[in-house]
Amino acid sequence: MSLKMRFYISRMHQLDSFLCIAVNHTSQYRLIRDFFRIASRLGDGIFWYALMVGILILHGAEGLTPVIHMTLAGLSGTLLYKWLKGKTLRPRPYEVHQDIWLTGTPLDKFSFPSGHTLHAVVFSLVAIGYYPQIAIIVVPFAVLVGLSRVVLGLHYPSDVIAGAVIGATIARLSFLLV
């Protein structure tokens, strides 16, 4: 790797760490910390499962295709992000930086990519593909889930961005297959 490339990678890592610490320090305020804990907890799957049940209740048999699509895209995301975490082995920010406050509970050991964000984007985009009117609810929620992961000290911003890009790619590819 060239010296110039190393310099740019080093600068990007510094920016990533700086943003992570700055965003994480907002968790010192109880209202912010509790709000993002709730968003993160709902992003564990509760919100998405409730959305799928709601689709089935409101749309009956017609809702089965979107729910199956969401489920299969979500499972694909799980397989991919677990594989990536096992390959990259990136430690979580609170393990690297003493000034990161861990205010959430990690679901696994490694940081890259953010599985919560990946799934929030996959589920949102697939759901919107069938029901565009729900974008007003699912898009802000997906953004909150991604932001919560940095606020709670569980991910770097680059983990969240990567999770979002991977999630969007999975959703896009899933529509090509359906």
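The values are calculated or read from the model by the stated rules, or taken from the named source; none is laboratory data. Predicted model, so just to flag it, every value in this text is computed and none were measured. Here the Cβ positions follow ideal geometry from the backbone for every residue, glycine too, while neighbour counts run over all protein chains shown. Heads up: the accessible areas ignore ligands, DNA and RNA and are worked out on the full protein's heavy atoms, side chains in. Shrake-Rupley method; radii C 1.70, N 1.55, O 1.52, S 1.80 Å.
Structure notes:
- Carbon and sulfur %, accessible surface of segment 72-174 computed with the full protein complex present, 1.4 Å: 72
- Toward the positive end of the charge dipole of segment 41-178, with +1 on the Cβ of Lys and Arg and -1 on the Cβ of Asp and Glu, the farthest Cα among PRO132, GLY60, ILE161 is that of ILE161.
- Degrees, to the nearest 10: 64-88 long Cα axis against longest axis of the chain: 20
- For segment 1-120, the Kirkwood estimate of the hydrodynamic radius, built from every pair of different alpha carbons, is 17.0 Å.
- Folded to 0 to 90 degrees: helix 135-151 orientation relative to the chain principal axis, Cα: 30
- Rounded accessible area per residue of the chain, 1.4 Å, Å²: 56
- Dividing the helix sum by the residues of the chain, where each DSSP H run of 4 or more adds -39500 (n - 2.57), gives a mean residue ellipticity at 222 nm of -24500 deg cm²/dmol.
- Nearest-ten-degree value, helix 157-177 long axis tilted from longest Cα axis of the chain: 30
- Stretch gain in nm, segment ILE57-PHE175, where the contour uses 0.36 nm per residue and the Cα spacing is subtracted: 40.2 nm
- Total charge dipole magnitude, the chain, about the Cα centre, Cβ charges on Lys, Arg, Asp, Glu only, Debye to nearest 20: 500
- Largest to smallest principal axis extent of the C-alpha atoms in segment 55-164, angstrom: 51, 27, 19
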